[in-house]
1. Among the residues that make up segment 48-62, is at least one of them closer than 20 Å to residue 20 by Cβ and either modelled with pLDDT of 95 or more or over 14 Å from the mean Cα position of the chain (by Cα) (or both)?
2. Could you tell me whether residue 46 is touching an Asp or Glu at 6+ places or on another chain (Cβ under 6 Å), among the hydrophobic types (A, V, I, L, M, F, W, C), open to solvent by less than 50 Å² (accessible area, probe 1.4 Å) and part of a helix (DSSP H, G or I)?
3. How about segment 116-158: which of its residues are of a type in the set (Asp, Glu), free of Cβ contacts under 8 Å to residues at least 40 places away in the same chain and either in a helix (DSSP H, G or I) or exposed (fewer than 12 other Cβ atoms within 10 Å of the Cβ) (or both)?
4. Taking segment 1-43 as the search range and keeping residues that are in a helix (DSSP H, G or I) and in contact with a helix residue (DSSP H, G or I) (Cβ under 7 Å, 6 or more places away or on another chain), which one is most open to solvent (accessible area, probe 1.4 Å)?
5. Looking only at residues that are free of Cβ contacts under 8 Å to residues at least 60 places away in the same chain and open to solvent by less than 10 Å² (accessible area, probe 1.4 Å) in segment 86-115, which one is nearest to residue 54 (Cα to Cα)?
Amino acid sequence: MSSDRGENCLIFGASGVGKTHLASGVARRMVEFGKRVKFFPSLALVQSLQQAKLNLSLQAALKKLDRFDLLVLDDLGYVKKSEAETSVLFELIAHRYERKSLLITANQPFSAWDTIFSDSMMTVAAVDRLVHHALIVEIKTDSYRKRAATNRSNKSAS
């Protein structure tokens, strides 16, 4: 993944498989390479952009985010399927396309992103821009938290 070329990283997997941990590690490594990185829970960033749009300052907010080589949007699936939220999310994706990098974690595969975006055409356009220059990682394993709980239960039963 190169932030110089606006490449993206998309990490998919069920809850508890380490997507956020992996995203944090990538973000830290980018900082070690001298890149500017900002980590956001997706919902918090979308709400902030929504507020900027209401204040008629969305373009200024997007430009302010341009100072970061990489934006990490954690847990995209928790963004609600409302026109207000998804339109600013799409604006962010379109604004950064081929210029600056995004790292996105999500519980849902692309086939379920119609639950995120309010419009199927917007879903297709967003996915198209994200995957054009992207490393896609799919984590298929059991939840670490579930495994830890099972191990604790097994030890206490012994």
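1. The first filter runs over segment 48-62 and keeps only residues closer than 20 Å to residue 20 by Cβ, leaving 48.
Next, from what is left, pick out any that are either modelled with pLDDT of 95 or more or over 14 Å from the mean Cα position of the chain (by Cα) (or both): 48.
Yes: one or more hits.
2. Numbers: touching an Asp or Glu at 6+ places or on another chain (Cβ under 6 Å): yes; among the hydrophobic types (A, V, I, L, M, F, W, C): yes; open to solvent by less than 50 Å² (accessible area, probe 1.4 Å): yes; part of a helix (DSSP H, G or I): yes.
Taking the combined requirement at face value, the residue satisfies it.
3. Step one: filter segment 116-158 for residues of a type in the set (Asp, Glu), giving 119, 128, 138, 142.
Going one step further and asking which of them are free of Cβ contacts under 8 Å to residues at least 40 places away in the same chain, we end up with 119, 128.
Passing the criteria: only 128.
4. Of the residues in segment 1-43, the ones in a helix (DSSP H, G or I) are 3-5, 19-32, 42-43.
Still in the list and also in contact with a helix residue (DSSP H, G or I) (Cβ under 7 Å, 6 or more places away or on another chain): 3, 30, 42-43.
Working: 3: 8, 30: 20, 42: 1, 43: 49 Å².
Ranking the qualifying residues of segment 1-43, first place goes to 43.
5. 88
Yes/no per residue for (1) within 23 Å of residue 145 (Cα to Cα); (2) under 14 Å from the mean Cα position of the chain (by Cα):
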| site | (1), (2) |
| --- | --- |
| 7 | no, yes |
| 10 | yes, yes |
| 13 | yes, yes |
| 31 | no, no |
| 36 | no, no |
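The values are calculated or read from the model by the stated rules, or taken from the named source; none is laboratory data. Just so we're clear, the structure is a prediction, and the values are computed from it rather than from any experiment. Positions of Cβ are generated from backbone atoms using ideal geometry, with glycine treated the same way; all protein chains shown enter the neighbour counts. The accessibility values were calculated without ligands, DNA or RNA, using every heavy atom of the protein model including side chains. Shrake-Rupley method; radii C 1.70, N 1.55, O 1.52, S 1.80 Å.
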